[in-house]
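See structure below.
A short reminder: the numbers here are calculations on the coordinates, not readings from a lab. Bear in mind the structure is a predicted one, so any value in this text is a computation, not a measurement. Cβ: placed from backbone, ideal geometry, glycine included. Neighbour counts: every protein chain shown.
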Amino acid sequence: MQEFWKDYPGYEGLYQVSSEGRVKSYSRLVWSGRTFYRKAGRILRAGTNPISGYQLVVLYKDGVPKRTSNIHQMVLETFIGPCPPNGVCRHFPDRNPANNKLENLRWGTQIQNQQDRIVHGTTNCGSNHPMSKMTEALVVHLRKEWESYQGILSLNKWSREIGLRLGISKQSISEAVRRKTWRHI
């Protein structure tokens, strides 16, 4: 796909954003304290947020840092328009936070963004959750086993016995069997 450049809204004449997810500054005159000199425009080197993995740049106005911006949001604001109310930026179909190409970005709702995570398997539910002690297969097995014990033992006693045997709290087992947790299976 061909790369297109447009001025970033609010920073016209200072910065441009490309459809390929790059940001560049314009050439400009800079005051050094004694004289003006010409500073060449260049493509900015993006930093990476260590937690989210999103790429970001710092934008300056009048020589002062004004804003740290996520590049994926800059691309959408430049080519699509401002974020709609209650909207978020979605990386879809590719969930890679470093892929800031226009074809990979969309405005959407938080619900759509969570549905994207489920489709790509990047959500922290089930055995993907870092604190999980159970697997999907174990939960299915426990639910089937509970069906055969229903009426013989109370769920409280049964989940306590199973919990002691597996090293899992009776509450976790009870909630999984009653579908309060692990609802995705």
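As an exercise, find the ratio Rg/Rh for segment 129-177 from alpha-carbon atoms, using the Kirkwood inverse-distance average for Rh.
On the way: Rg = 10.3 Å, Rh = 10.9 Å.
Expressed as Rg/Rh, it is 0.95.
Distance between the 7 Å Cα→Cβ label points at Arg45 and His120: 2.7 nm.
Among the listed pairs Lys6/Lys101; Lys39/Lys101; Lys24/Lys101; Lys133/Lys180; Lys39/Lys61; Lys6/Lys39, a Cα-Cα separation exceeding 18 Å is found for Lys39/Lys101; Lys6/Lys39.
Dividing the mean sequence gap of close Cα pairs (under 8 Å, 6+ apart) by how many residues segment 5-120 holds gives a relative contact order of 20 percent.
In segment 1-57, one over the average inverse separation of all distinct C-alpha pairs is 13.0 Å, which is the Kirkwood hydrodynamic radius. Dipole magnitude for the chain: about 480 debye, using +1 per Lys or Arg Cβ and -1 per Asp or Glu Cβ, origin at the Cα centre.
Around Glu161, with a cut-off of 14 angstrom between Cβ atoms, what is the net charge of the other residues, counting Lys and Arg +1 and Asp and Glu -1? My count for the surroundings of Glu161 gives +3.
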